[in-house]
1. Which one of these does Phe6 not meet: (1) in contact with a Cys (Cβ under 8 Å, 6 or more places away or on another chain); (2) at pLDDT below 95; (3) aromatic (Phe, Trp, Tyr)?
2. Among residues belonging to region 42-51 that are closer than 22 Å to Pro105 by Cβ and open to solvent by 60 Å² or more (accessible area, probe 1.4 Å), point out the one that is farthest from the chain's Cα centre (by Cα).
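The values are calculated or read from the model by the stated rules, or taken from the named source; none is laboratory data. Worth saying up front: this structure is predicted, and the values here are computed from it rather than measured. Ideal geometry is used to build each Cβ from the backbone, glycine not excepted, and the neighbour counts take in all protein chains shown. The area values use the complete protein model at the heavy-atom level, side chains included, leaving out ligands, DNA and RNA. Shrake-Rupley method; radii C 1.70, N 1.55, O 1.52, S 1.80 Å.
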Amino acid sequence: MKRRDFMRQAGGATAALGAGTAATAGTATAQEGGGGGQQPDFGGYTDGAEGGEYLDARGQSEVTVDVGGGGGLAFLPTDLWIDTGTTVTFEWSSDGHNVIFEETPSDASVSGHEPLEGSGFSFEVTFDTGGIYKYYCDPHKSLGMLGAIAVGSEVPTVATGGGGPKELHELGVAIQAHWVGAATILGIIMSVIFTFYLVKYGESAHTGTGR
């Protein structure tokens, strides 16, 4: 066997297996990126709002919303998803804000805080009724100081592109992650064989010159 032919065959076999593994991994990544995560549908209420942060706080009994964060004109998180019975503490981090509920479930008995307050003030609301709650800061509503809270599991949702990291087998991909290791081992074996071949036989009169 000519040395260059051996190199070409060994390298081609290793590259083919590696490329197949990489292609499959790429497909898995694409499928993951288009995953089926869910977020509450707030009907566009907070689209373009200052802050723009979303937090899924289900499983927590207490959550804090920063009033006047993000440069002074945002509720952080802006969009929030909580369980029924969760207590939310609205905590002021800058001056001249209030919390006015614009829309709540019909049977909810919650109220905001109308007086303007400053840094260090806080008040609590316990959300015992499931549904969508939309609120704003009166002096800064036109500047995008809006917030929304989804309570419970019976709320409208929209699909998102997230979904978090997944194992390949969870995505229904036939190839397994350990095949990457197999490709690496094959490459090492090919290198060892080639080295043995070169040391034992060296350059010969029959080595191809490419002509």
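1. Unmet for Phe6, out of (1) in contact with a Cys (Cβ under 8 Å, 6 or more places away or on another chain); (2) at pLDDT below 95; (3) aromatic (Phe, Trp, Tyr): (1).
2. So in region 42-51, the residues closer than 22 Å to Pro105 by Cβ come out as 42-47, 49.
Going one step further and asking which of them are open to solvent by 60 Å² or more (accessible area, probe 1.4 Å), we end up with 43, 47.
Values: Gly43: 22, Asp47: 19 Å.
The selected residue is Gly43.
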